[in-house]
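Visitor: This is the structure, below, for whatever I ask next.
The values are calculated or read from the model by the stated rules, or taken from the named source; none is laboratory data. As the structure is a prediction and not an experimental result, all values here were calculated from the model. Note: ideal-geometry Cβ built from the backbone for every residue, glycine included; neighbour counts use all protein chains shown. We work out accessible area using only protein heavy atoms, side chains counted, and drop any ligands, DNA or RNA first. Shrake-Rupley method; radii C 1.70, N 1.55, O 1.52, S 1.80 Å.
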Amino acid sequence: MTRAERPSRLLAARVAAVVLAVGVSVSACTDTPTAGDAVSGDHAAADHGASASPSPGESAGHEHGAEEEPAAAMTGPPRPADPALGCGTTVEPNGEQVTRYCNEGLATFIVADGEGTDVKGASCEQRGVIFLAHFGANYSDEASGRGEYLGLALEDMPAKEGRASIYALEMTLAGYRQSLSKATVDVTRKGDVVDFHLVGALADGRDVTVTASCHTHEA
C-alpha cells in the first residue's frame, strides 16, 4: 500500500464517508484491494435513512491517506445476531446507532471450510456511479456488534455479468469487525435482481466467501 497523500484522494475519501454513511461507523479510501492491501472500518458517522458505508481497499495506482497498518481480525466467543432488533436505524440510550436492513435479500457467509451462515434482509441502491449493497445489521460501536454484516460500495457495475470495482467494503462476522485482503466481487444482474459473489481473505489468513442477492432501486 503506498504512503503518498494526495489532497484529491483524501477529499474523495471524506466525501465517500459522508455520502455512504448511514448511522454506523465507516471510513473510506478508494478502489479495489490488491494482494497485501486490507479493508476495515474505523470512523464514526451518522445519517438516518441512508445506508452504512464500508471501508475500502485500494488498487494499483491509487493512494491511501493513512499510515496505519491493517488491523488484526477481532475474534472471540461468537456474538449472534439480535433477533429482537427492529428494522431501520435504532438509537440506543448510550447513543450507539444500529442499522438493520430488512428489504428482500439474502447473504450467505462462509469462513474457510465452515458451514454457511445465512443472513436475511438487505438494502441495494444505485447512487449515481456508486452502487450500495448492505446485508444484515451494522453497529456503530464495534465492541457491541452482533451477527453478520456486509456493506459494499461498488463502481463499474457490469450491465449483466462481470467483476465490479470495490470502492468500499465493510464486514462483520459473528459480531466482530474484520479486515479483508485480496477481495473481489463478481456480479450478475437480471432485471432488478443483483447477485454478488465476494471472495477474500481475513487478516488471519482464512478464506471468506459471501454469496448474496437483493433487489435494487434508484436512490
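Visitor: I'd like to check which strands (runs of 3 or more DSSP E) are fully inside the range 128-182 and have at least 2 residues that are of a type in the set (Val, Ile, Thr).
Guide: Answer list for the range 128-182: 161-173.
Visitor: For the range 126-157, how many residues are farther than 24 Å from Arg206 by Cα and open to solvent by 20 Å² or more (accessible area, probe 1.4 Å)?
Guide: Count: 10.
Visitor: I'm trying to understand the selection: among the residues of the range 187-214, which are open to solvent by 50 Å² or more (accessible area, probe 1.4 Å) and at negative phi?
Guide: Result: Arg189, Lys190, Asp192, Asp195, His197, Val199, Ala203, Asp204, Arg206, Asp207, Thr211.
Visitor: Any idea which of Ala112, Ala122 is under 26 Å from Asp156 (Cβ atoms), hydrophobic (A, V, I, L, M, F, W, C) and either in contact with a Cys (Cβ under 7 Å, 6 or more places away or on another chain) or open to solvent by less than 70 Å² (accessible area, probe 1.4 Å) (or both)?
Guide: Residue meeting the stated conditions: Ala122.
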